[in-house]
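S.K.: Before we start, here is the structure in question, set down as structure tokens.
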Amino acid sequence: MMNRLIFRSCCCLFALFAHGQLAIASPPMDGALLQSFAPTGVLRVGINLGNPVLASTNTTTQKPIGVTVDIAHEIGARTGLPVQLIPFQSAGATVSALKSNNIDLIFVAIDPLRGEDVSYTPPYIQIEGAYLVKSSSPIQSNQEVDKVGNEIIVGLGSAYDLYLTREIKHATFIRTTSSPAVVDEFMSGKGNVAAGVKQQLESDAARYSGVRMLPGRFMVIDQAIGIPKARPESVKTTAYLANVIADLKASGFVASALKRHDIQGAKVAE
């Protein structure tokens, strides 16, 4: 038991120095907490490839890379757990897998509907939700979107889909299978407003002519770690992970990860 604790502590220190940060390492999890957190003995982490702010695929290795990947490996180092990265194409798919106990941890936007089954840490980064329209559209501002006759195309189950479903009173929705498909579906003739993560829309818009972003944002999206609320030690596990996130923000780990992966349009959450 003592050797196992020493091993975990060494992993923590190695990971911190490897990333060029010196943070105060979290104490190791006890046996009951580890069993609740990763019942298979492997930390199964859902990686959402549908949001380029969070993760993407390395074109050479075909493996996930990004801010969330770095944080997942850091958590593995601090807990002494091997990490298995499981890629998904949408946030909604990661939440479904978490509910089914097929994975142990996800990186997802905080939302009250998801919160019925997901226990969240405080946010580690914040990103923005924005609108895109055709250049010829008469719509000039976010406030003009929620009108009868407008059709907003969104990624099914995304944070902005859940948010807009609550907030929009007059416009209607067209839902795509994933966030990356929003602009392609929009350009194929569906809807007259595309909604999504600002960076994703800007990247997609660069592939097309005749489109423009509406100024500003319609929401700030708080991205956090989520674990299954139904697990027996979920409250303690969430508290442990909250301390890890606070440490990674304070030490500069998250800011360095954003810079390392050249992420624009996101900031470290306060």
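The values are calculated or read from the model by the stated rules, or taken from the named source; none is laboratory data. This is a predicted model, so every value here is computed, not measured. Neighbour counts run over all protein chains shown; Cβ positions are idealised from the backbone, glycine included.
S.K.: Within the range 247-254, is there a residue that is surrounded by fewer than 20 Cβ atoms within 10 Å (Cβ to Cβ) and in contact with a Gly (Cβ under 9 Å, 6 or more places away or on another chain)?
M.R.: yes
S.K.: Here is a further query. Is the range 63-83 home to any residue that is among the basic types (Lys, Arg), assigned by TED's automatic domain parsing to the domain that holds His261 and assigned to a loop (DSSP other than H, G, I, E, B)?
M.R.: There is at least one residue in the range 63-83 that is among the basic types (Lys, Arg), assigned by TED's automatic domain parsing to the domain that holds His261 and assigned to a loop (DSSP other than H, G, I, E, B).
S.K.: Tell me, which residue of the range 187-242 that is touching a helix residue (DSSP H, G or I) at 6+ places or on another chain (Cβ under 6 Å), of a type in the set (D, E, K, R) and in a loop (DSSP other than H, G, I, E, B) is nearest to Thr176 (Cα to Cα)?
M.R.: Step by step, filter the range 187-242, then rank; the result is Arg231.
S.K.: Give the residue that is surrounded by the fewest Cβ atoms within 10 Å (Cβ to Cβ), with candidates limited to residues of the range 36-84 that are on the phi > 0 side of the Ramachandran plot and of a type in the set (Gly, Ala, Ser).
M.R.: Among residues in the range 36-84 that are on the phi > 0 side of the Ramachandran plot and of a type in the set (Gly, Ala, Ser), the one surrounded by the fewest Cβ atoms within 10 Å (Cβ to Cβ) is Gly41.
S.K.: Shifting gears a bit: Just wondering, is there one or more residues in the range 143-163 that are among the hydrophobic types (A, V, I, L, M, F, W, C), within 26 Å of Arg207 (Cα to Cα), part of a loop (DSSP other than H, G, I, E, B) and touching a helix residue (DSSP H, G or I) at 6+ places or on another chain (Cβ under 8 Å)?
M.R.: Checked the range 143-163: at least one residue is among the hydrophobic types (A, V, I, L, M, F, W, C), within 26 Å of Arg207 (Cα to Cα), part of a loop (DSSP other than H, G, I, E, B) and touching a helix residue (DSSP H, G or I) at 6+ places or on another chain (Cβ under 8 Å).
S.K.: Filter the range 206-234 down to the residues that are more than 30 Å from Ala97 (Cα to Cα) and crowded, with 18+ Cβ neighbours inside 10 Å, then identify the one that is farthest from the chain's Cα centre (by Cα).
M.R.: Val211
S.K.: Also, quick follow-up: Quickly run through the range 85-135 and pick out the residues that are in contact with an Asp or Glu (Cβ under 9 Å, 6 or more places away or on another chain) and assigned to a strand (DSSP E or B).
M.R.: Within the range 85-135, Ala109, Val118, Tyr120, Ile125, Gln126, Ile127, Ala130, Leu132 meet the criteria.
S.K.: Which residue pairs have Cβ atoms under 8 Å apart, sit 6 or more places apart or on different chains, and have a first residue in the range 132-158 that is closer than 27 Å to Ala91 by Cβ and in the same structural domain as Met187 (by TED's automatic domain parsing) and a second that is polar (S, T, N, Q) and surrounded by fewer than 17 Cβ atoms within 10 Å (Cβ to Cβ)?
M.R.: Asn150/Thr172; Glu151/Thr172; Ile152/Thr172; Gly155/Thr177; Leu156/Thr177
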